[in-house]
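Student: This is the structure I have questions about; it appears just below.
The values are calculated or read from the model by the stated rules, or taken from the named source; none is laboratory data. Quick caveat, the model's predicted, so the values are computed rather than measured. Here the Cβ is made from the backbone with ideal geometry for all residues, glycine too, and neighbour counts use every protein chain on show. Areas reflect the complete protein model, heavy atoms only, side chains present, ligands, DNA and RNA absent. Shrake-Rupley method; radii C 1.70, N 1.55, O 1.52, S 1.80 Å.
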Amino acid sequence: MKKIYIKEEYCIGCRLCEIYCQVKHSKSKKIIKAFKTELDMVPMVTVEEIGHHSFAVQCRHCPDAPCVDACISGAMSKNEKSGVVTCDDQKCVGCWSCIMVCPYGVIKRKLGEKKIASKCDLCQDELEPVCVKNCPNEALVLAEEEEKDES
Amino acid sequence: MKADYLIIGNSAAGLSAAESIRLLDSHGSILVLTEENFKNYSKPLITYYLAGKVNLDQMYYRSPAFYAQKNIMLCTDTCIVGMNTEKKEVISAQGRKFSYNKLLIASGGIPVLPPIPVSGGGLLKDEMKKIEGIYTLTTLEDARRLKKYIEKNHIRKAVVLGAGLIGLKAAEACLELGLTIHLIELSDRILAATFDHKASKIMEARIEQKQGRIYTSNTIKQIKASQGTVEKLILADGKQIDTNLLIAAVGVRPHTAFIDAGTIETERGIIVDKHMQTTAEHVYAAGDVASSTDILKKRAENIAIWPLAVMQGRVAGMNMAGKRQEYGGGFFMNAVEIMGIPSISMGLSGPQESKDAEVLTQEDGSSSIYRKVVIEKNRIVGLIMLGHIERAGIYAGLIKNRIDIGNIKENIIREDFGLIQLPADYKKHLVVGEGIEV
Ligand SMILES: Cc1cc2nc3c(=O)[nH]c(=O)nc-3n(C[C@H](O)[C@H](O)[C@H](O)COP(=O)(O)OP(=O)(O)OC[C@H]3O[C@@H](n4cnc5c(N)ncnc54)[C@H](O)[C@@H]3O)c2cc1C
């Protein structure tokens with residue numbers, strides 16, 4: 001089973017992951033439009049940075065996901081087969097319980113017409129999440145679980 | 001009827017238990033009982049329904065197909081009124097008996113009704129059914145009846161007794177329906193149990209900005225009704241409010257009326273051990289009805305919130321299905337957006353704060369942004385965030401894992417506080433630890 005690993009030693013804080021994520025999840029899929037007109041958009045991956053130290057973090061799709069437990073509307077769910085945690089925009093009521101319990105702080109508010117939670121969906125329709133694919137430095141890596149044990 | 005696993009309660013705790021049992025035991029019979037006549041719904045959404053933001057189809061917490069998919073039996077309209085732990089059975093109001101191998105009590109809470117006299121008769125709790133216009137708001141049926149009443153009678157004004165979280169959510173829903181709102185609160189401020197003074201002030205200002213009236217340090221001394229409908233309220237300080245609608249939201253208490261008090265002990269709810277087992281063998285309890293470990297107060301406490309009901313239900317279910325699993329305890333937390341102000345409060349903040357706690361705050365006088373972190377012995381024990389609530393969960397993680405934040409105190413209240421400022425070990429655990437599955 002493949003997982004995304006964060007390699008903070010390679011991250012240079014270029015924020016390309018944020019940009020690709022935001023464009024990918026925009027309506028227009030166009031970079032200028034996504035950033036200049038779709039103003040409720042937020043990237044679902046976040047780069048944290050202090051000086052020369054930085055890393056990108058997105059939803060960890062936890063085994064016992066606290067956001068799923070805390071969700072009062074049943075919008076947040078973990079797919080039993082794929083393990084991917086997603087938020088159903090139709091069901092979300094914007095109570096922010098998920099934000100309250102996510103220890104990684106990776107769920108954001110999307111403040112559009114309807115206020116809803118926004119989080120990484122692992123780009124399920126892509127071969128590889130766009131943040132991983134477009135990282136110039138392999139600071140986000142998609143790898144088999146075993147590889148981690150070797151490193 | 002007999003079931004391997006019998007569950008009283010068809011909500012957060014009960015369904016979470018049923019799901020976890022099914023994961024471990026694919027054959028055992030699971031029977032869920034509820035006194036209500038809905039397949040299931042999300043209780044916290046009833047005020048959203050009242051306000052018209054969510055319709056009945058969106059109220060489902062688990063889809064109607066859930067029961068068939070998981071092979072879980074459900075009996076609605078089945079109110080349990082008694083039990084016998086020796087015979088391992090419970091009995092419904094209709095006289096039906098259900099026996100079990102393992103029983104979970106997940107019956108939640110019932111609203112508290114203060115002993116207010118009603119003109120021409122007894123106390124509120126006895127008169128409520130006879131008089132129109134007085135409601136509690138803890139079930140979907142309550143919300144449906146209330147919505148109908150407001151629409152049918154063109155109600156323009158709502159009085160809410162109790163300015164806690166449920167009271168405020170009820171008031172907000174009424175406001176959205178175009179009613180004027182009046183809030184009556186015994187304490188000297190609204191949300192006194194979960195907010196500190198500053199946070200309460202910000203919310204009070206917002207309510208007043210919406211033309212809402214707030215009466216603090218006050219309560220209802222008498223309710224006057226005429227022709228079977230509520231008409232006037234007389235407050236403790238002598239003020240009078242004319243109204244045809246009163247919503248009583250002073251709190252809920254564990255729903256334990258039917259339990260076998262000889263074998264099942266209670267104190268602030270049904271007492272459970274680490275495995276969510278009650279003092280009676282084969283009987284478990286979880287959710288709003290249970291009293292379980294509060295890791296901050298360091299004692300058993302009834303913490304009536306959704307996330308803990310789900311978590312406790314899961315632990316109870318696992319143990320019922322034979323997998324020993326311990327519940328690690330929890331602490332109070334709540335997230336809610338009221339009248340456009342998102343807020344999160346957790347742990348020992350506000351009234352619970354100890355005298356020698358260290359308090360860090362950040363506020364923006366011009367807006368409704370306010371943040372406060374309460375620290376005891378270098379560990380975060382409480383948090384309030386208003387306006388800007390992003391990344392609140394990082395603090396919840398620090399509280400839950402009792403992380404020493406002595407070296408990062410100056411960063412803790414910063415607006416850009418994130419994982420990167422966390423103590424090295426904890427950060428390592430979060431960031432370079434578990435990868436994510438694809
Ligand atoms: C208006 C409102 C808003 C809320 N908002 C939030 C929020 O935003 N966040 C949050 O964390 N919490 C919130 N809560 C609290 C939250 O709803 C509860 O913590 C949660 O529902 C507890 O789940 P439970 O399964 O323990 O019990 P409940 O949800 O109370 O369910 C009890 C179940 O037991 C059944 N039952 C009870 N007695 C019997 C009986 N004698 N026989 C048969 N069946 C019985 C009931 O029919 C029901 O199915 C809110 C509550 C209310 C009322």
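Student: Filter segment A:75-85 down to the residues that are facing chain B (nearest Cβ under 10 Å) and surrounded by 22 or more Cβ atoms within 10 Å (Cβ to Cβ) and list them by number.
Tutor: A:ALA75, A:VAL85
Student: Which condition number does B:ARG268 fail, the rest of (1) in contact with a Ser or Thr (Cβ under 8 Å, 6 or more places away or on another chain); (2) more than 14 Å from chain A (Cβ to nearest Cβ); (3) open to solvent by 10 Å² or more (accessible area, probe 1.4 Å); (4) part of a strand (DSSP E or B) being met?
Tutor: (4) is the only condition that B:ARG268 fails.
Student: Please tell me if B:ILE303 is within 14 Å of another protein chain (Cβ to nearest Cβ) and either assigned to a loop (DSSP other than H, G, I, E, B) or open to solvent by 50 Å² or more (accessible area, probe 1.4 Å) (or both). Let's see the steps before the verdict.
Tutor: Numbers: within 14 Å of another protein chain (Cβ to nearest Cβ): yes; either assigned to a loop (DSSP other than H, G, I, E, B) or open to solvent by 50 Å² or more (accessible area, probe 1.4 Å) (or both): yes.
Yes.
Student: Scan B:GLU337, B:GLU353 and give me the residue that is of a type in the set (D, E, K, R), out of contact with any Asp or Glu (no Cβ under 7 Å at 6 or more places or on another chain) and at the interface with another protein chain (Cβ under 10 Å from one of its Cβ atoms).
Tutor: B:GLU337
Student: Ok, one more. Given A:ASP88, A:ASP125, A:ASP121, which one is under 22 Å from B:LYS70 (Cβ atoms) and either acidic (Asp, Glu) or within 8 Å of chain B (Cβ to nearest Cβ) (or both)?
Tutor: A:ASP88
Student: Still on this structure, I have one more. Enumerate the helices (runs of 4 or more DSSP H) found wholly within segment A:50-139, keeping only those where 2 or more residues are closer than 22 Å to A:TYR10 by Cα.
Tutor: Where helices (runs of 4 or more DSSP H) fall fully within segment A:50-139 and carry at least 2 residues being closer than 22 Å to A:TYR10 by Cα, they are A:130-133.
Student: How many residues are within 13 Å of chain A (Cβ to nearest Cβ) and open to solvent by less than 10 Å² (accessible area, probe 1.4 Å) if we restrict to segment B:21-45?
Tutor: So the answer is 3.
Student: So which pairs qualify, if the first residue must be in segment A:14-27 and more than 13 Å from A:THR46 (Cβ to Cβ), the second must be open to solvent by 60 Å² or more (accessible area, probe 1.4 Å), the Cβ gap must be under 6 Å, and the two must be at least 6 apart or on different chains?
Tutor: Pairs that qualify, where the first residue is more than 13 Å from A:THR46 (Cβ to Cβ) and the partner is open to solvent by 60 Å² or more (accessible area, probe 1.4 Å), are A:VAL23/A:ILE31.
Student: Here's something else I'd like to know. Given the structure, is B:ILE190 in contact with an Asp or Glu (Cβ under 8 Å, 6 or more places away or on another chain) and open to solvent by less than 10 Å² (accessible area, probe 1.4 Å)?
Tutor: yes
Student: Search segment B:271-286 for residues being touching a residue at least 12 places away in the same chain (Cβ under 8 Å) and open to solvent by 20 Å² or more (accessible area, probe 1.4 Å), and hand back the single one that is farthest from the ligand (Cβ to nearest atom).
Tutor: The residue in question is B:GLU281.
Student: Further, regarding this structure: Look at B:ARG253 and say whether it is modelled with pLDDT under 95, under 23 Å from the mean Cα position of the chain (by Cα) and either farther than 24 Å from B:ALA170 by Cβ or outside any loop (DSSP other than H, G, I, E, B) (or both).
Tutor: It is false that B:ARG253 is modelled with pLDDT under 95, under 23 Å from the mean Cα position of the chain (by Cα) and either farther than 24 Å from B:ALA170 by Cβ or outside any loop (DSSP other than H, G, I, E, B) (or both).
Student: Here's a follow-up. Would you confirm whether any residue within segment B:316-334 is open to solvent by less than 20 Å² (accessible area, probe 1.4 Å), out of contact with any Lys or Arg (no Cβ under 8 Å at 6 or more places or on another chain), polar (S, T, N, Q) and more than 14 Å from chain A (Cβ to nearest Cβ)?
Tutor: yes
Student: Shifting gears a bit: Could you check segment B:207-225 and list, in sequence order, the residues that are closer than 24 Å to B:GLN352 by Cα and surrounded by 15 or more Cβ atoms within 10 Å (Cβ to Cβ)?
Tutor: The answer is B:ILE214, B:TYR215, B:THR216, B:ASN218, B:THR219.
Student: Going by what's in this entry, would B:VAL289 be described as open to solvent by less than 50 Å² (accessible area, probe 1.4 Å), closer than 27 Å to A:SER73 by Cα and touching a helix residue (DSSP H, G or I) at 6+ places or on another chain (Cβ under 7 Å)?
Tutor: no
Student: Collect the residues in segment B:46-65 that are within 14 Å of A:MET76 (Cα to Cα) and either surrounded by fewer than 15 Cβ atoms within 10 Å (Cβ to Cβ) or more than 10 Å from chain A (Cβ to nearest Cβ) (or both), keeping them in residue-number order.
Tutor: Scanning segment B:46-65 gives a single hit, B:SER63.
Student: Which residues, taken from segment B:400-419, are open to solvent by 70 Å² or more (accessible area, probe 1.4 Å) and either closer than 13 Å to B:ARG371 by Cβ or not charged (D, E, K, R) (or both)?
Tutor: Passing the criteria: B:ASN401, B:ASN407, B:ARG414, B:GLU415, B:ASP416.
Student: Going by what's in this entry, would B:ALA316 be described as under 18 Å from B:SER107 (Cα atoms) and in a loop (DSSP other than H, G, I, E, B)? Working first, answer last.
Tutor: Numbers: under 18 Å from B:SER107 (Cα atoms): yes; in a loop (DSSP other than H, G, I, E, B): no.
Judged against the criteria, B:ALA316 is not a match.
Student: Kindly indicate whether B:VAL381 is surrounded by 15 or more Cβ atoms within 10 Å (Cβ to Cβ) and more than 14 Å from chain A (Cβ to nearest Cβ).
Tutor: It is true that B:VAL381 is surrounded by 15 or more Cβ atoms within 10 Å (Cβ to Cβ) and more than 14 Å from chain A (Cβ to nearest Cβ).
Student: Anything in segment A:1-25 that is assigned to a loop (DSSP other than H, G, I, E, B) and more than 10 Å from chain B (Cβ to nearest Cβ)? List them, or say none.
Tutor: Once the filter is applied, which keeps residues that are assigned to a loop (DSSP other than H, G, I, E, B) and more than 10 Å from chain B (Cβ to nearest Cβ), segment A:1-25 yields A:CYS11, A:ILE12, A:GLY13, A:CYS14, A:ARG15, A:HIS25.
Student: Output the residue which, of all residues in segment B:116-152 that are over 23 Å from the mean Cα position of the chain (by Cα) and open to solvent by 70 Å² or more (accessible area, probe 1.4 Å), is nearest to B:VAL230 (Cα to Cα).
Tutor: The residue in question is B:GLU132.
Student: Any idea which of A:LYS133, A:LYS91 is farther than 16 Å from A:GLU18 by Cβ and open to solvent by 40 Å² or more (accessible area, probe 1.4 Å)?
Tutor: Numbers: A:LYS133 fails: farther than 16 Å from A:GLU18 by Cβ.
Just one listed residue meets the conditions, A:LYS91.
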